[in-house]
Amino acid sequence: MKMRVSAALLSLLLVLSLLAGCSSKGDDGKVELELLTNKSESIQTYKHLIKEFEKENPGIRIKLNAPPDAETVLKARLTKNDVPDILSIGGNATYGELARAGVLKDFSESDLLKKIHPAYIDMIGRLVGEEKKGVYGLPYATNANGVIYNKEKLKQLGADVPKTWDEFIELLEKAKKAGETPIYFSLKDPWTAMVPWNAIAANVVEEDFARLKNEGKASFQKNYGEVADKMLTLLEYGHKDNFGVGYGDGNTAFAKGKSLLYLQGNWAIPEIKKANPDVELGMFALPVTNDPEKNKLVSGVDVLLTVTETTEHPEEAMKFIEFMMREETAETYIDEQKAFSALKGVIQKDPVVEGVQEHFREGSLTSYPDHYYPSGMQAANLIQDFLLKKNKRAFLQKMDQEWEKVSSR
């Protein structure tokens with residue numbers, strides 16, 4: 001898949017050799033390394049893992065940085081020659097740009113790759129493309145995109161988990177007739193629309209859409225009509241203020257029983273449980289087609305770990321990476337984050353996600369389509385606008401135009 005590098009990142013190729021990493025030695029002689037993460041949900045987990053690491057390695061201090069909109073912050077810092085030592089970021093287009101720009105360490109020869117399921121290494125490889133060989137990050141935690149449901153409410157409806165799209169719509173109708181809100185949307189935050197969007201697109205659009213689009217052989221107007229239609233259908237089963245509630249309030253509302261279903265990823269489960277520890281939850285893959293055998297679970301690399309090329313202390317940085325890649329550390333991370341692991345033999349045992357485990361066992365997984373969109377396209381904002389205005393033709397045209405505009409920069 002051919003992907004273009006943004007001008008800001010491309011310019012780094014000219015100055016990388018001059019950069020100095022932001023690691024340093026403190027007054028106490030300890031090596032200080034900065035770990036930047038894009039997941040605010042993982043702050044507490046990282047804090048106690050860092051404490052454990054520092055106990056084992058008293059000469060190293062890890063400074064955790066989890067800014068809002070971390071990827072934008074990271075790109076801005078790169079242009080200022082201010083590079084963190086260690087990154088904990090998603091396996092998305094930003095990772096691909098960083099890898100192609102030469103910012104990240106190549107792990108191709110590392111034995112740590114043997115610990116990781118090959119499917120996830122393939123996923124991040126597609127983000128980098130064929131123009132640059134190598135593996136520039138270690139897939140660590142993975143996620144699942146689907147439908148979280150209230151078990152008690154489903155039982156009260158006398159319904160089962162749906163296996164097809166028609167069965168899913170029947171369930172929504174049944175909930176509506178019973179006076180329940182079928183789905184709780186939190187579309188004030190545009191990114192939340194990407195959960196159903198990715199689930200639908202991953203099951204009805206060609207997996208190599210991005211490559212075909214860049215070659216002029218596919219387009220949103222030709223290939224995404226069914227996705228747009230099904231997004232509008234789902235919206236009919238929301239609440240009265242679909243665009244007035246954000247992610248945090250959506251978690252709380254769903255936790256308090258405001259709807260039967262919540263279209264979110266496994267990352268929302270800890271937040272829902274915080275709001276209501278007693279709520280009984282389950283999860284299943286959104287059944288997008290009427291053939292159960294063809295319905296796949298959207299799963300991707302939620303967290304990959306990597307080291308930047310410019311760190312002044314690569315050995316110490318790798319010590320932290322190796323600590324994180326231990327089986328017991330990986331188990332702690334996924335247990336607390338309700339995530340899945342990219343490491344072989346590390347299994348998520350929480351009964352809440354039992355309904356999606358069969359997809360991992362059977363390998364009926366597919367990646368996030370939007371991870372292969374140009375990173376500056378702002379797809380979530382365009383989709384939010386579409387759901388407000390409901391002009392399908394204009395929306396699909398706009399998606400094509402924005403893709404081409406960003407790709408030509």
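Below are the figures for this structure:
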{"quantity": "Shape metrics for the range 96-236, restricted to C-alpha atoms - Rg then Dmax, Å", "calculated": "19.9, 58"}
{"quantity": "Whole-Hz couplings from phi, Karplus 6.51/-1.76/1.60, listed for the range 257-268; x for Gly and Pro", "calculated": "x, 6, 7, 6, 10, 9, 7, 8, x, 4, 4, 7"}
{"quantity": "Nonlocal amide H pairs with residue 258, under 5 Å, H built at 1.01 Å", "calculated": "none"}
{"quantity": "Mean residue ellipticity (222 nm) of the chain, computed from DSSP H runs ≥ 4 via -39,500 (n - 2.57), nearest 500", "calculated": "-12500 deg cm²/dmol"}
{"quantity": "Rounded to 5, percent antiparallel among DSSP beta bridges of the chain", "calculated": "70"}
{"quantity": "Helix axis angle, 225-235 relative to the chain longest principal axis, alpha carbon, degrees", "calculated": "70"}
{"quantity": "Translational diffusion coefficient (Stokes-Einstein; Kirkwood radius from C-alpha pairs) of the chain at 37 °C, 0.692 mPa s, in µm²/s", "calculated": "148"}
{"quantity": "Whole-Hz couplings from phi, Karplus 6.51/-1.76/1.60, listed for the range 116-127; x for Gly and Pro", "calculated": "9, 4, x, 4, 6, 5, 4, 4, 6, x, 5, 6"}
{"quantity": "Links that overshoot a 24 Å alpha carbon limit, given the list 256/294; 51/114; 105/217; 188/273; 188/258", "calculated": "256/294; 51/114; 105/217"}
{"quantity": "³J(HN,Hα) computed for each position of the range 276-286 - Karplus, 6.51 cos²θ - 1.76 cosθ + 1.60, integer Hz, glycine/proline x", "calculated": "7, x, 8, 5, 9, 10, x, 8, 9, 6, 4"}
{"quantity": "Accessible surface of the chain [probe 1.4 Å, protein heavy atoms]: carbon and sulfur percent", "calculated": "47"}
{"quantity": "Residue-span extension gain [residue 401 to residue 108] - 0.36 nm each, minus C-alpha spacing", "calculated": "101.8 nm"}
{"quantity": "Under 5 Å, built H, 5+ apart or other chain: amide partners of residue 300", "calculated": "143"}
{"quantity": "Per residue solvent-accessible surface (Å²) - the chain, probe of 1.4 Å", "calculated": "44"}
{"quantity": "Under 13 Å, Cβ to Cβ, from residue 278 - net charge with Lys/Arg +1 and Asp/Glu -1", "calculated": "+2"}
{"quantity": "Amide proton proximity set for residue 64, modelled H, under 5 Å, gap of 5+", "calculated": "35"}
{"quantity": "Range of Cα positions in the range 42-162 per principal axis (Å), largest first", "calculated": "58, 40, 32"}
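The values are calculated or read from the model by the stated rules, or taken from the named source; none is laboratory data. A quick note: this is a predicted structure, and the numbers were derived from the prediction, not measured. Cβ sites come from the backbone with ideal geometry, for glycine too, and all protein chains shown count toward neighbours. Ligands, DNA and RNA are stripped out before the accessible areas are found, and what is left, the full protein with its side chains, is counted by its heavy atoms. Shrake-Rupley method; radii C 1.70, N 1.55, O 1.52, S 1.80 Å.
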